[in-house]
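Accompanying notes for the structure given below.
Where a number appears in this text, it was derived from the coordinates with a stated rule and is not lab data. Predicted model, so just to flag it, every value in this text is computed and none were measured. Cβ sites come from the backbone with ideal geometry, for glycine too, and all protein chains shown count toward neighbours.
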């Protein structure tokens with residue numbers, strides 16, 4: 001299982017960023033969540049079984065219209081998520 005945490009900064013809150021990520025995720029075999037942080041960033045934690053699938057999902061986000069809203073993107077390797085089903089927006 002491959003898992004990543006991504007932190008997006010820029011104009012990423014109040015613009016439909018989380019909903020767009022959820023739509024992109026629906027086209028991939030990924031599990032996880034995305035949420036707004038109090039500091040203005042958006043955090044995503046995502047996992048999948050295949051490294052290529054993860055790469056393609058992250059590339060799809062970068063190749064989408066969302067890229068224009070992102071000033072910085074941090075990617076961290078994390079342990080596999082537990083108790084998560086599907087891909088959701090959390091509050």
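Can you work out D for segment 2-81 in µm² s⁻¹ from Stokes-Einstein, where Rh is the Kirkwood radius over C-alpha pairs, the temperature is 20 °C and the viscosity is 1.002 mPa s? Don't skip to the answer; put the middle values down first.
Working: Rh = 12.5 Å.
For these conditions, the coefficient is 171 µm²/s.
Given the options 40, 14, 51, state which has the largest fluctuation in a GNM of the chain using a 10 Å cut-off (strictly under) for Cα springs.
In the Gaussian network model the winner is 14.
With springs only between Cα atoms under 10 Å apart, run a GNM on the chain and tell me which of 60, 25, 68 wobbles the most.
Answer for the Gaussian network model of the chain: 68.
For an R0 of 25 angstrom, estimate the FRET efficiency from the Cβ-Cβ distance between residue 29 and residue 71 and round to the nearest 0.05.
Details: r = 29 Å, r/R0 = 1.17.
E between residue 29 and residue 71, to the nearest 0.05, is 0.30.
Give me 71, 22, 35 ranked fewest to most by other Cβ atoms within 10 Å of their Cβ, as a rough exposure proxy.
Sorted ascending by nearby Cβ count, the order is 71, 35, 22.
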